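Reviewing the structure listed below.
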Amino acid sequence: MTVVLIVDVSASGRFGGIELSKRELAAEVASVLAFSAIRNNDKVGLLLFSDHVELFIPPKKGRPHTLRLIREILFFEPKGRGTRPGLALDYLNRVVTRRAVVFLISDFQAGDFNASWP
């Protein structure tokens with residue numbers, strides 16, 4: 001099986017509670033999902049998005065690959081500031097040719113959420 005994590009890295013992810021920002025919480029959730037997948041011998045990929053697709057890492061197996069994905073979620077510096085999940089889903093639909101389980105991790109903070117879908 002293939003698992004793809006789609007993570008929102010927009011500017012709103014820098015905010016959060018006292019102990020964790022939204023982005024750190026997203027990385028924690030993504031880590032649990034990714035490590036569960038590799039324990040099941042599945043491939044894991046990552047797509048980071050803001051108001052455009054920031055980074056796509058194709059699915060692979062293995063612990064070093066999973067650690068790289070988590071590092072990217074935590075330390076990637078996005079160029080965009082907004083949130084457009086529709087663009088990320090359209091991009092993923094074009095590049096992933098096999099069946100995949102997709103997890104969309106976002107705070108869904110968009111001005112008009114319906115307008116963010118193409």
Eligible lysines near LYS79 by straight Cα distance, threshold 20 Å, same-chain separation 8 or greater: LYS22
Charge context of THR2, other residues only, Cβ under 9 angstrom, K/R +1, D/E -1: +2
Helical contribution to [θ] at 222 nm, DSSP H n ≥ 4, -39,500 (n - 2.57), averaged over the chain, rounded to 500: -11500 deg cm²/dmol
Candidate residues GLU54, GLU77, GLU28, GLU19: accessible-area rank, largest first, probe 1.4 Å: GLU19, GLU77, GLU28, GLU54
Over the chain: Kirkwood hydrodynamic radius from C-alpha pairwise inverse distances, Å: 14.2
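The values are calculated or read from the model by the stated rules, or taken from the named source; none is laboratory data. These numbers come from a predicted model, not from an experiment. No Cβ is skipped: glycine too gets one built from the backbone with ideal geometry, and neighbour counts run over all protein chains shown. Quick note on the areas: whole protein, heavy atoms, side chains included, nothing else; ligands and nucleic acids left out. Shrake-Rupley method; radii C 1.70, N 1.55, O 1.52, S 1.80 Å.
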